[in-house]
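Bear in mind that the values in this text are calculations on the coordinates, not laboratory data. These numbers come from a predicted model, not from an experiment. Every residue, glycine as well, gets a Cβ built from its backbone with ideal geometry; the counts of neighbours run over all protein chains shown.
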Amino acid sequence: MNYAQNILGTIGNTPLVKLNSIVKDIDALVLAKLETFNPGNSAKDRMAVKMIEDAEKQGLLKPGGTIIEGTSGNTGMGLALAAIIKGYKLICVISDKQSKEKMDILRAVGSEVIVCPTDVEPENPRSYYSVSKRLATETPNSWYVNQYDNPSNSLAHYEQTGPEIWEQTKGKITHFVVGVGTGGTISGIGKYLKEKNPNIKIWGIDTYGSVFKKYHETGIFDPNEIYSYITEGIGEDIIPKNVDFSVIDGFTKVTDKDGAVYTRKLAKEEGIFCGNSAGSAVKGLLQLKEHFTKDDVVVVLFHDHGSRYVGKMYNDEWMRERGFLDSEKVVALDLVKEHINAPLITVKTEELVFHAIDRMRANDISQLPVVDVTGFVGSVDESDLFKLYFNDKESASTPVKNVMSEPFPIVKKNTSIDAISKLINKDNSAVLVDLEDGNYQIITKNDIINAIQ
């Protein structure tokens, strides 16, 4: 019979899968190392078990002890699996920018989770680095993992993941691309591959708000590079000891938006449901495409599973709130959906100017379509009416038809926001959306601004 003695025996030997649609503009053969097939659904399972086993050998972790670690979630999951099998307690300290799913999963596998603010300096006593260290000094019979500086982190990938990639590609790999956080994955794999073939290029994916790229290129740790970012799993505001810059040939930075958008593209175009850092890795890969030729074999590593991000990158509302949805996918219907069942407020041609002004004030609106029995025949704008009124008080009793401008353009409900924005200008302050069955709604400049914020 063929079976594992426990869940830890299923770690490793993850598949290598060819990417197709999403990398159609790259000449090389692009293969994804899917670390999501590990039991904890991430690459961190490998190093979590390695760090625990090495700590046991060194006498740092004793029976019945407590494991303490600051984590973005995935290392915590790997540690949790090992803690369950080996009989340890686990305390995970996590930053509040990490997804709720990660926190819930850690609790589901028995970990105590302590959440710390993201927007503080690493030395701040409230940071997850500082809280982890403090708990380790206060908790009896505890061991602080410190994945950032623990050499067993990169050693796990040197001993396991690097050899797997070399064997799976039959030594034909020419480039390796991966997101960089603690540095263990890129440094361990990079070291192994460079020893096998020094010509293999190792590329790191960084994010804006992180220090890696500039530090690698200049040797300067620039605090001005550090600011809050949304991307999870890659980038740092410190230089972990596990980052071996000598095996890294270069970095490229990927924006929060691109990382999120390409995470979704990966699922929809390749059927690969991975996490945020995988999207960043794919976008970084595309940014590096001029470095690849048709004879190259490029391996990109996907760290974790999409289930950790269903409330974030895979949630339309979350994406829209941050302006991460592609503008082509926001259409007229999206802009009016919150008031789609409200009647369209209009003014008739024979009503007077003061009727239009009163209606605008009562409804807190700035534009009105003008109608008669034939339909939409004109439009009035708040600024024009008030200017007219203050120049001539008698104009308030003038019929609207005498002062109205051209009718607002009418667009279909699936018209893109780009097309709508081109219709709104200094001479035309709104458009009407034909929702069919005689139902119309109005879109103003403010609606467009709110949609792209």
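With a ≥ b ≥ c taken as the square roots of the eigenvalues of the C-alpha gyration tensor of segment 30-102, please select rounded if a/c is under 1.5 and otherwise prolate if a/b is larger than b/c or oblate if it is not?
Working: a/c = 2.32, a/b = 1.39, b/c = 1.68.
Verdict is oblate for segment 30-102.
So, by mean Cβ neighbours within 10 angstrom, what's the order for 72-79, 330-337, 202-209 with the highest one leading? Walk me through the numbers before you get to the answer.
Numbers: 72-79: 28.4, 330-337: 19.0, 202-209: 24.1.
Ranking, from highest mean packing down: 72-79, 202-209, 330-337.
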Check: segment 252-382 dipole with +1 on Lys, Arg Cβ and -1 on Asp, Glu Cβ, in debye: 560 debye
Of the listed links Lys50/Lys312; Lys89/Lys133; Lys50/Lys294; Lys283/Lys337; Lys196/Lys241, those spanning more than 28 angstrom between alpha carbons are Lys50/Lys312; Lys50/Lys294; Lys283/Lys337
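I want the antiparallel fraction of DSSP beta bridges within the chain, as a percent rounded to 5. Present the calculation step by step, with values, prior to reporting the outcome.
Working: 20 of 57 bridges.
Looking only at bridges with both residues in the chain, the antiparallel portion is about 35 percent.
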Rounded to whole Å, give me the distance from the Cα center of segment 20-40 to that of segment 361-387. 55 Å
Using 7 Å Cα-to-Cβ label points, what is the Arg126/Lys24 separation (nm, one decimal)? 4.8 nm
Listed by chain and number, the aspartates and glutamates with an alpha carbon less than 14 angstrom from that of Lys214, same-chain partners under 8 positions apart left out, are Asp206, Asp222, Glu225, Glu236, Asp237, Asp249
The chain - charge dipole about Cα centre, Lys and Arg +1 at Cβ, Asp and Glu -1, debye rounded to 20: 1380 debye
Whole-Å distance linking the alpha carbon centroid of segment 404-423 with that of segment 329-351 is 12 Å
Can you compute the modelled spin-label distance between Asp364 and Thr398, with each label point 7 Å from Cα toward Cβ, in nm? 3.0 nm
Applying the gyration tensor rule to the Cα atoms of the chain (axes a ≥ b ≥ c; rounded if a/c under 1.5, else prolate if a/b exceeds b/c, else oblate), the class is prolate
